[in-house]
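The values are calculated or read from the model by the stated rules, or taken from the named source; none is laboratory data. Keep in mind that this is a model prediction, so the values were computed, not measured. Because the Cβ atoms are built from the backbone with ideal geometry, glycine has one as well, and the counts that use them run over all protein chains shown. In case anyone asks, the SASA skips ligands and DNA or RNA and just uses the protein heavy atoms, side chains included. Shrake-Rupley method; radii C 1.70, N 1.55, O 1.52, S 1.80 Å.
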Amino acid sequence: MQLQQLVITNFRQFGERHSLHFATEGQQNVTLIIGNQEVDRTDIWRAILFAFLGDARIGQESDEINQRLINYSILQSAPNQWLKAEVELFFEQDGIQYDLIRRVKGYYDGKKYKQSPQQCWLEIKSLNHEKEQFNDEQIVTQKVQKALSPKSMLFGDAESLELLTAIDNASAFTQKLQAIIYHLLNTTDIKQAIKLSSKLKSQLQLVMSDNDSSNYFQSIKHQQTNLSTKIQTIKQNKDQHQQQYTQAQEQLKLLTQLKPRITASSNKKPIIVNEKPQLNKMAEFIKLGANQLFYDYCSDITMIINNLRNHSEESISEKILINTANSQKCYLCGREFTSDSEAKTHVNELRQSFNHTKSLACLNQIEAGINEVEKNHYYFQQEQTKALAEYKEFLQTITENYDESDSVHDNDGITPIIDQLQNQIQELASQNQQEQLQLRHLKQEHITLQTEILEYQQMLQQLPTKIKNSNLLQQIIDSIDEIYTTATLEKLQTTTKEIFQNLQAKTKPDVAANWLTNAYQKNLTASQKQLLIIAFILALLQINNFNVLLTEQPFSYLNTVNYRYLIAGMPQLFNQWIVYLTDTELTAELKTAFLKQDNVGRIYQLNNHIMSGATNVEALRSLTAIL
């Protein structure tokens with residue numbers, strides 16, 4: 001595509017009728033547009049966008065731009081009169097000539113501004129010079145969109161260029177963006193490239209948005225939540241399997257111990273069946289004995305302990321032994337003996353009990369036990385009754401379900417159970433090991449995501465002023481979406497390398513696979529790193545077939561060496577390069593660089609007239625005519 005001529009009448013800041021012819025000649029394909037600080041430098045781009053799309057907004061601007069297309073000063077000078085704002089654009093695509101006109105009308109009544117819907121006309125002249133004309137807005141828009149690739153033209157704004165290319169005094173956020181680009185250019189892993197591209201896209205979107213959220217950030221937060229849930233589930237499963245593993249080991253141990261006994265008595269009727277009445281009676285005695293112990297002995301023991309406390313700690317053991325031997329009755333527990341031998345035996349038992357123990361400490365323990373029994377006596381009674389009932393029910397169940405014919409097979413049945421438990425233990429052990437490895441991997445992944453979230457949150461604090469009106473960042477984001485194949489990734493890296501080296505006029509490109517790593521880590525200066533970012537941007541545009549580049553103040557943030565490289569190299573990368581510069585930016589060194597390359601075909605100066613409130617366009621013959 002080639003932009004040939006733009007004609008503006010009363011559009012935005014421009015008054016009357018002004019015409020700009022864009023440079024299209026081979027080596028001289030650069031058009032310079034120069035204005036002072038009072039001029040709205042984006043209105044040239046708005047006029048081109050309005051002609052193509054019927055929409056003068058740049059980036060994320062509000063629709064108010066489209067509601068104020070007629071020069072306000074001219075409307076005020078002719079109140080209650082309908083005036084027109086018109087943009088006419090001549091361009092060529094694939095050898096076919098297009099003449100496109102869009103127009104709006106409006107008036108100002110001294111209080112309110114009113115604007116009519118736009119009108120449009122399109123004339124198409126084919127290769128055989130046949131003409132077609134259209135004036136229906138929908139048809140015109142369809143014809144233009146069919147002829148014009150959405151990637152044919154790019155508007156690069158100064159703020160975006162500063163954000164991406166700044167080296168001196170660059171913000172931490174800018175350095176982060178540049179680091180992502182360096183890694184993206186160096187990786188050979190397509191999955192890593194996709195991740196880096198998404199990260200770069202997310203951070204560029206964040207700069208252009210009105211909020212502190214992004215798809216990428218929400219994605220990693222969602223991943224973190226899912227991972228936390230998964231880790232918790234695996235932990236629960238692991239604990240459950242560990243419990244099953246422990247239970248299976250205990251069962252195996254018990255069955256292994258019981259197996260010889262079951263073998264020896266496999267043909268005998270179990271004692272539980274034969275002696276059920278005696279067992280029931282025994283359980284009753286146990287209950288009665290426990291209660292009798294409490295009622296008869298707890299108070300006596302407590303009294304004896306209190307008496308013993310009146311003696312010295314060293315004589316307690318001797319006192320117990322002497323009284324026990326003399327009275328034929330245990331001084332501690334009250335047991336009576338019928339012979340001296342029984343008393344002596346009991347004395348020896350007591351001596352062993354007190355052998356290596358401080359008497360007072362022993363009394364404290366006994367007293368604590370008595371207190372515990374008294375404290376929980378009611379609970380113990382309840383549990384006794386409950387346990388006795390369960391025991392009787394158990395005996396009844398065993399008796400009812402017992403079959404003598406089964407007793408001889410007990411040994412035959414326990415071996416498969418043991419084998420099954422052993423297999424279950426092996427499976428649980430293996431499963432536990434797998435879950436442990438899986439848990440370790442997920443925890444590491446969780447830590448990685450947490451690190452990314454922290455980096456993102458730190459990045460929010462370092463954000464520059466939001467850039468809402470950037471076509472450059474938006475086009476880079478759109479282009480990044482297509483870098484999802486190995487071929488495209490390799491093409492991006494190769495194209496970046498070639499542009500980087502061609503901008504420096506190197507005739508022998510370095511073809512090593514790790515050229516960027518070696519160059520960046522060892523050889524690249526700060527100036528070259530800046531040029532590498534520019535080469536990356538240009539490579540994206542070239543891969544996606546942009547052929548007309550409109551840039552606003554592209555040299556403000558570049559050092560002298562790099563803007564010289566750009567002046568020499570950019571005209572070779574694009575069919576047309578339209579550059580807007582402020583009069584203060586167009587220094588003597590910059591003019592000399594353009595003159596040296598001799599690639600400027602058209603020059604225009606925008607002059608703002610305070611009296612008329614409108615901007616005029618003046619064509620200049622050469623750069624030397626600019627003071």
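Using the heavy atoms of the protein chains and a 1.4 angstrom probe, tell me the accessible area per residue for segment 1-153 in square angstrom.
The answer is 50 Å² per residue.
How big is the Rg/Rh ratio for segment 1-149, C-alpha atoms only, Rh by Kirkwood, two decimals?
Expressed as Rg/Rh, it is 0.99.
Leaving ligands, DNA and RNA out of it, report the carbon-plus-sulfur percent of the accessible area of segment 19-91 at a 1.4 Å probe.
Percent of accessible area from carbon and sulfur atoms in segment 19-91: 42.
From the mean inverse distance of alpha carbon pairs (Kirkwood) and the Cα radius of gyration, derive Rg over Rh for segment 81-151.
1.11
Which residue, chosen from Leu69, Gln81, Asn36, occupies the Cα position most advanced towards the positive end of the dipole of segment 34-135, where the dipole is computed from +1 (Lys, Arg) and -1 (Asp, Glu) charges on Cβ about the Cα centre?
The residue sitting most towards the positive pole is Gln81.
Between Ser228 and Glu349, what is the spin-label point distance in nm, taking each point 7 Å from the Cα along the Cα→C-beta axis?
Result: 6.2 nm between the two label points.
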